[in-house]
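The values are calculated or read from the model by the stated rules, or taken from the named source; none is laboratory data. None of the values given here were measured: they were computed from a predicted structure. Here the Cβ positions follow ideal geometry from the backbone for every residue, glycine too, while neighbour counts run over all protein chains shown.
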Amino acid sequence: MCDILIKNAYVVTMDPAGRVIQDGAIAIEGNRILDVGPSKEISASYNAREEIDTHDMIALPGFINAHTHIAMCVISRIGRELKDRLYRVYWPMERAWIPEDCYKASLMGAAEALLFGTTCIVDHYFFMEEIAKATIELGIRGFLGHTIMTEDGPWVGRAEFEEGVNFVKRWKGKHPLVIPCLAPHAPDTVSPGWLMELKEIANEQNVKIHMHLSQSMREVRKVKGPWGRGARSPVDLLHRLKVLGPDLIAAHCIYIDEYDLKLLSQTGTNVVYCPSTYALGGTYASADKMMKSGIRVLIGTDARPADMIGELRAAAMTQRQLTGDPSAMSSKDLLRMATIEAAKALGLEDKLGSIERGKLADLILVSMKKPHMNPRFDPCANIVYNALGSDVDTAIVDGKVVVRQGSLTRCDMGSVVKLGREAAEALTQRAIEIDSNLRQLIEGSHPP
């Protein structure tokens, strides 16, 4: 007996053998994958409380979006044409957050992620307590860290440091959908002393560190000055502070040189590539070069849309344009980056990232019924090059169906969108009251 039987699917397992089962089935009991194999064999072995016939669908592990800020869904489209939007738009607006609005915004951001096939977000933001509540309510898994900044940001100081540490202590082992981590913002906004302190706490608590690294020239310039204590780059600073390593998830790494590349590779540091964000800024990280240097590279959307399928395609296109190599980042490589490689980076490869017996039942079903998904040759290539985020039909997290036939099962879509709009309106009004210069940006008039 099992709870859910998915049958007649094109199963892309992402297991060590890279198995693809053309007419496959998956048996789920509780929150675990009980069995996976040919439909005829699995269907004969298990009676199910619920059967899902997935003819014309691809089953694969749910995407792990390795760098997100889901609450920013209500502000991330403001100032998109500004190169320095982080400093001119986001930080000034983020000073106006209140917990209630962050919760509402996070519901909409989590809903967007689920509907696009993400079953686990790696999120880095303020008011993380509210974001954790929203992820649980929607049923998405969250690898979550409260943003910590020493200075030069919207929410700074020792109180944020303590909240980041206490978030880890409060949530560690508290809920199956929440995995806490420490989240210092970046080498230019968190002092070297704090970074060393946070690394010690991460070791004591046995948690990962998730932070931005080499994301802007402003960061590079600051670290090369007195702030960086003689470091030649942000990567070099983290190396000197002993923060680099397999327990670090480093988002971006755009402005790096050969020396930095060598440090990242030698230390086993995980890097997150967010191509759509870089395309807006006109500068790409050398993700293919990183991979060929032995660095584990993951995929993140950073901002909106939270469409991992679109992000996979953007990753392939940008790296092929950058390298001139049409073989850079194969479809199988990209899917691994968004599933099992991400799980390895999070230290969760025994639980997530592939469809295998005993692993947590976090998986998605992608429809192949529409013309753009046919004919069917290579399911991995089909997903990366042809699929749309809207082709995600079903999402299962921790053994529970949270998206069915393209709709949320735990809440009403209209209600979630309404709450998101309310949060956006309230936040923008407060932000304008704090800084009147934001009015033009929010209303779409971008001054030079």
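Give me the pairs, please: first residue somewhere in the range 231-246 and under 18 Å from GLY294 (Cα atoms), second residue anywhere and assigned to a loop (DSSP other than H, G, I, E, B) and modelled with pLDDT of 95 or more, beta-carbon distance under 7 Å, and either six or more positions apart or on two chains. Once the first residue is under 18 Å from GLY294 (Cα atoms) and sits in the range 231-246, its partners that are assigned to a loop (DSSP other than H, G, I, E, B) and modelled with pLDDT of 95 or more give VAL235/SER214; VAL235/ILE256; LEU244/THR269; GLY245/GLY268; GLY245/THR269; PRO246/GLY268. Check whether at least one residue in the range 351-365 is crowded, with 18+ Cβ neighbours inside 10 Å, out of contact with any strand residue (DSSP E or B) (no Cβ under 7 Å at 6 or more places or on another chain) and not polar (S, T, N, Q), and report yes or no. No: the range 351-365 contains no residue that is crowded, with 18+ Cβ neighbours inside 10 Å, out of contact with any strand residue (DSSP E or B) (no Cβ under 7 Å at 6 or more places or on another chain) and not polar (S, T, N, Q). The residue pairs whose first member lies in the range 1-29 and is on the phi < 0 side of the Ramachandran plot, whose second member is polar (S, T, N, Q) and part of a strand (DSSP E or B), and whose beta carbons are closer than 7 Å, counting only pairs six or more residues apart or on different chains, are TYR10/GLN22; ASP23/ASN8. Please specify each residue of the range 350-381 satisfying the condition of being assigned by TED's automatic domain parsing to the domain that holds ILE33, without any contact (Cβ under 8 Å) to a residue 12 or more places away in the chain and part of a loop (DSSP other than H, G, I, E, B). Correct list: ASN374, PRO375, PHE377.
Whether a residue is within 27 Å of HIS146 (Cα to Cα), among the polar types (S, T, N, Q), at pLDDT 95 or above and under 21 Å from the mean Cα position of the chain (by Cα) was assessed, and THR13 does not pass this test. Considering ILE148, ILE121, ILE136, the condition of being over 15 Å from the mean Cα position of the chain (by Cα), among the hydrophobic types (A, V, I, L, M, F, W, C) and over 22 Å from GLU422 (Cα atoms) is satisfied by ILE148 alone. For the range 200-218, a tally of residues being more than 22 Å from the chain's Cα centre (by Cα) and either at pLDDT 95 or above or surrounded by 13 or more Cβ atoms within 10 Å (Cβ to Cβ) (or both) returns 6. Against the condition in the same structural domain as ASP391 (by TED's automatic domain parsing), more than 22 Å from THR339 (Cβ to Cβ) and not hydrophobic (A, V, I, L, M, F, W, C), how does GLU41 come out, does it pass? Spelling it out, GLU41 is indeed in the same structural domain as ASP391 (by TED's automatic domain parsing), more than 22 Å from THR339 (Cβ to Cβ) and not hydrophobic (A, V, I, L, M, F, W, C).
In this structure, is ASP302 assigned by TED's automatic domain parsing to the domain that holds HIS185 and crowded, with 21+ Cβ neighbours inside 10 Å? Considered against the rule, which asks whether it is assigned by TED's automatic domain parsing to the domain that holds HIS185 and crowded, with 21+ Cβ neighbours inside 10 Å, ASP302 comes out as yes. Within the range 322-340, being in a loop (DSSP other than H, G, I, E, B), aliphatic (A, V, I, L, M) and more than 20 Å from the chain's Cα centre (by Cα) holds for one residue alone: ALA328. The residues of the range 79-94 that are over 21 Å from ILE131 (Cα atoms) and crowded, with 16+ Cβ neighbours inside 10 Å, listed by number, are GLY79, LEU82, ARG85, ARG88, VAL89. Filtered by the rule that a residue be in a loop (DSSP other than H, G, I, E, B) and at pLDDT 95 or above, the range 276-309 gives SER293, GLY294, ILE295, ARG296, GLY300, THR301, ALA306, ASP307. Beta carbons closer than 6 Å, at least 6 apart along the sequence or on distinct chains, pair a first residue in the range 38-51 that is on the phi < 0 side of the Ramachandran plot with a second that is surrounded by fewer than 16 Cβ atoms within 10 Å (Cβ to Cβ) for SER39/ASP23; ASN47/MET1. The single condition among (1) at pLDDT below 95; (2) surrounded by fewer than 21 Cβ atoms within 10 Å (Cβ to Cβ) that GLY268 does not meet is (1).
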